[in-house]
1. At 1.4 Å probe size, with no ligands or nucleic acids counted, give the accessible surface of Trp107 in Å², nearest ten.
2. How much net charge surrounds Asn83 when only other residues with a Cβ under 10 Å from its Cβ are counted (Lys, Arg +1; Asp, Glu -1)?
3. Using +1 at the Cβ of each Lys and Arg and -1 at the Cβ of each Asp and Glu in the chain, identify which of Ala49, Leu78, Phe29 lies farthest towards the dipole's positive end.
4. For the range 35-115, calculate the relative contact order in percent as a whole number, restricting contacts to Cα pairs under 8 Å that are 6 or more residues apart.
5. Return the sequence-ordered ³J(HN,Hα) values of the range 33-49 in whole Hz as given by the Karplus equation 6.51 cos²θ - 1.76 cosθ + 1.60 applied to θ = phi - 60°, using x for Gly and Pro.
6. Would you kindly calculate the mean projected area, averaged across all directions, of the convex hull enclosing the Cα atoms of the chain, in square nanometres?
7. Quick one: how many Å² of Leu47 are accessible to a 1.4 Å probe, rounded to 10?
8. Could you look at the chain and say what percent of its accessible area is carbon and sulfur, using a 1.4 Å probe and all protein chains?
Amino acid sequence: QVQLVESGGGLVQAGGSLRLSCAASGSIFSFDSMGWYRQAPGNQRELVATITRSGSTNYADSVKGRFTISRDNAKNTLYLQMNSLKPEDTAVYYCRATRILALSNYWGQGTQVTVSS
């Protein structure tokens, strides 16, 4: 059973930075891709950034140039470095891992990020 545990959320002022971590219970190299998603109150969950096994990345337009996704296969951990945070970045941030052939997606429990103005 795959377990993903996010950490690193918190309260930060606008313009500040946070780094989120997502620790997996097994080897993250087994996942075809991993990503960060977020959900603000009253909104649908939306993609923030993804990274494939080969290291290709994709970002939502709203975070391009401010957020960086990375993965450390040796530590089985996914990261999201968030800089120049804005109040509209406030949301619960979720980690997701995907195995394409198995048609499987795994989610973490989420970590709250709150950006004050």
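The values are calculated or read from the model by the stated rules, or taken from the named source; none is laboratory data. Quick caveat: nothing in here was measured; it's all calculated off a predicted structure. Neighbour counts run over all protein chains shown; Cβ positions are idealised from the backbone, glycine included. Side chains are part of the model used for accessible areas, which takes the heavy atoms of the whole protein and leaves out ligands, DNA and RNA. Shrake-Rupley method; radii C 1.70, N 1.55, O 1.52, S 1.80 Å.
1. Per-residue accessible area (Trp107): approximately 100 Å².
2. Net charge in that neighbourhood comes out at +2.
3. Positive-end residue among those listed: Phe29.
4. 27
5. 8, 9, x, 10, 10, 9, 9, 8, x, x, 10, 7, 5, 10, 6, 9, 6
6. Seen from a random direction, the Cα hull of the chain projects 6.9 nm² on average.
7. Number for this one is 60 Å².
8. Carbon with sulfur: 48 percent of the solvent-accessible area.
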